[in-house]
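Trainee: My questions will all concern the structure given below.
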Amino acid sequence: KQWYQRRVAITAGIESNDAIFTYDEVDSEVIRCYQEFSLANIIFHALKEQEASEQSARMNAMENATRNAGEMIDKLQLQYNRTRQAVITRELIEIISGANALD
């Protein structure tokens, strides 16, 4: 509906503009060709806007995924380090307990 309103506005603008008739003789065929050209431009603009929007959405999704993966790696690294530290501490306690038992 919006493109139709723009098309009507373009047609009305051309037909009411006396300056365009100063240099060229504009008949209904020229106006029709201009309308078709304008419609093609409107459609092309809409398609390009859609592509840009889709690309932006993909970029945002990838940025969020990258940030989430980084946070997950940090949490898993912390969990791994705590587990490793607990194992080392337990082994040290066993070694010290065994040495105390021999005394």
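The values are calculated or read from the model by the stated rules, or taken from the named source; none is laboratory data. Note that this is a predicted model, so its numbers are computed, not measured. Cβ sites come from the backbone with ideal geometry, for glycine too, and all protein chains shown count toward neighbours. Ligands, DNA and RNA are stripped out before the accessible areas are found, and what is left, the full protein with its side chains, is counted by its heavy atoms. Shrake-Rupley method; radii C 1.70, N 1.55, O 1.52, S 1.80 Å.
Trainee: Quick one: what are the phi-derived ³J(HN,Hα) couplings along region 65-71, Karplus 6.51/-1.76/1.60 with θ = phi - 60°, whole Hz, x for glycine and proline?
Mentor: 5, 5, 5, 5, 5, x, 5
Trainee: Classify region 33-103 as rounded, prolate or oblate, taking a ≥ b ≥ c as the square roots of the eigenvalues of its Cα gyration tensor: rounded when a/c is under 1.5, otherwise prolate if a/b is larger than b/c and oblate if not.
Mentor: In terms of gyration-tensor shape, prolate.
Trainee: With every protein chain left in place, what is the accessible area per residue of region 37-103 in square angstrom, probe 1.4 Å? Working shown, then result.
Mentor: On the way: 6030 Å² over 67 residues.
Averaged over the residues of region 37-103, the accessible area is 90 Å².
Trainee: Okay, moving on. Could you go through region 45-59 in sequence order and give the Karplus-derived ³J(HN,Hα) for each residue, using 6.51 cos²θ - 1.76 cosθ + 1.60 with θ = phi - 60°, rounded to whole Hz, and x for Gly and Pro?
Mentor: Each residue's phi maps through the Karplus curve to give 4, 5, 5, 5, 5, 5, 5, 5, 5, 5, 4, 5, 5, 5, 4 Hz.
Trainee: Once you put a point 7 Å from the Cα of A61 and another 7 Å from the Cα of C33, both along the Cβ direction, what distance in nm separates them?
Mentor: 4.4
Trainee: Another question about this same structure. How large is ³J(HN,Hα) for each residue in region 75-89, as worked out from phi by the Karplus curve 6.51 cos²θ - 1.76 cosθ + 1.60 (θ = phi - 60°), to whole Hz, x for Gly and Pro?
Mentor: 5, 5, 5, 5, 5, 4, 5, 5, 5, 4, 5, 5, 5, 5, 4
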